[in-house]
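See structure below.
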């Protein structure tokens, strides 16, 4: 599965939970999975930059759920925005399996790509829905000409 | 007169807590679902998250329910809750320029790259009570809106360049200036003059009403402080952190909604004598447009010298926090028996002295 961490975590943070649970269950059946740190809520401080000074500042904190698991001694980390202990756990196990280089994940490559596609389509649909409120300006002369 | 410290009231407090529950639920047919608050009272939830300084829509909804809609109390609950959690990570720098926008307008330019998109807004609705909402069929409405499927354009970019970037390219804006240290008001003690990063952090979690009032006072009293909105954008931004097991990689944790404002302020001369525009900046959690505009006005006011209240750094930064202001004003409800008795003692003593002085004068 040729995906970097960012791409994989982007998909896992928004994809269907049953898919993550199915993959996690398979890993648990075939490998030795250990929870190193139970899912728990914590904070991530958001750093951003303002466009006036181009310097960073802290906007505020975001509630996340994080979990650490290991598969065959290889650690994996799952962190997701919100209170989502099951998703965080699944993400940690899959990440650990990814780090362990398990061939199992290759079987799910196409499903991950399909999920990625579905997420992008959801975003595109949301944009298109909002784009219906796009403003098409006319000058008053143009407006009066049309009447 | 000696003072007698008193204790007690525990049973009364317990009863008062029970009465809170009673008055919250006594006339209700069902308990409010927090998901209903989070999903249908978006602006309320966004405001509590923003003023609480904690992005957590489900918990903001819970705080609103617990506080029975008292926003200051709800923001206080959020602030108190966050203090119980570990903070293990700091995000990579978020760039709102990469925002997946749902709303984007400019009051300065009619034509902006990508066009203006009103998105979800009440700016152009009639302020008439909609009695149809009393008997709304949510599912029927949802189905109706779902049927209005827009045309999908797969190649459509979902993020757009900033308007200010275009002005900057044309050399019309003051160049970014270095602003010193990255300050964290939740960890470091604030001193004045405050670094720019501290000012922005305080304003980002300031109380909407207080900030709006101060920004209004600035604009109403001083016509030259009337900015133009170069760009307002609302949308989703990815939250990423460095991967804890390998800092060369990043983890995407999901998306958060932000409102960003760039105001174009007065013309000013730079060091070379060229006339350029000055920007104001506002950024908040959630869709909080009025607060973000107020933030941009106030932060720009604090960058310029002047005698109006909104240009006084200490005055603005020490009074816009909901928890501090609300806490200080409401603490007056708590018992002040000893301090008040002390005041009465001083008054009686003063009267006694005045009386004896009068007697002395009569004798003379």
Expressed as a whole-number percentage, the relative contact order of chain A with C-alpha contacts under 8 angstrom and at least six residues apart is 21
Just to be sure I understand the curve: with the Debye formula and one point per C-alpha of chain A, what is log10 I(q)/I(0) at q = 0.14, 0.18, 0.20 Å⁻¹? -0.77, -1.06, -1.18
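Run lengths n ≥ 4 of DSSP H only: what is the helix-derived mean residue ellipticity at 222 nm for chain B, with -39500 (n - 2.57) per run over all residues, to the nearest 500? Working shown, then result.
Numbers: 13 runs with 152 residues, N = 364.
When only DSSP H runs of four or more count, the value is -13000 deg cm²/dmol.
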In percent, what relative contact order does chain B have, based on Cα pairs under 8 Å that are 6 or more apart in sequence? 18
Overall form of segment B:10-82 per C-alpha gyration tensor (a/c, 1.5; a/b vs b/c): oblate
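Over segment A:24-64, calculate the relative contact order: mean separation of alpha carbon pairs under 8 Å at least 6 apart, over the residue count, as a percent.
Value for segment A:24-64: 34 percent.
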Extent of the protein assembly as shown along each principal axis, from alpha carbon coordinates, in Å, largest to smallest? 109, 67, 55
Ranking B:252, A:15, A:67 by Cβ neighbours within 10 Å, fewest first, what do you get? A:15, B:252, A:67
How many angstrom lie between the Cα centre of segment A:1-41 and the Cα centre of segment B:292-364? 56
Calculated from DSSP helices alone, with each H run of at least 4 adding -39500 (n - 2.57) and the total divided by the residues of chain A, [θ]222 nm to the nearest 500 comes to -15500 deg cm²/dmol
In degrees rounded to 10, the 0-90 angle between helix B:289-303 Cα long axis and the longest Cα principal axis of chain B is 70
Residue B:11-residue A:135 pseudo-label distance in nm [points 7 Å out on the Cα-to-Cβ vector]: 6.5
Between residue B:124 and residue B:336, Cβ-based FRET efficiency (R0 56 Å, step 0.05) works out to 0.65
Quick note, segment B:231-333: a/c under 1.5 would make it rounded; otherwise a/b > b/c is prolate and the rest oblate (a ≥ b ≥ c, C-alpha gyration tensor); here it is oblate
Ranked B:208, B:263, criterion: other C-beta atoms within 10 Å, fewest first: B:208, B:263
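Neighbour counts of other C-beta atoms within 10 Å: give me B:35, B:121, A:48, B:7 arranged from fewest to most.
B:7, B:35, B:121, A:48
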Shielding by partners, peptide A:72-84 (average Cβ within 10 angstrom, other chains): 4
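Every read-out reported here was derived from the displayed coordinates using simple, explicitly stated rules and does not represent laboratory data. Given the structure is predicted, the values throughout are model-derived calculations rather than measurements. For neighbour counting, all protein chains shown are included, and Cβ atoms are generated from backbone atoms with ideal geometry for every residue, glycine included.
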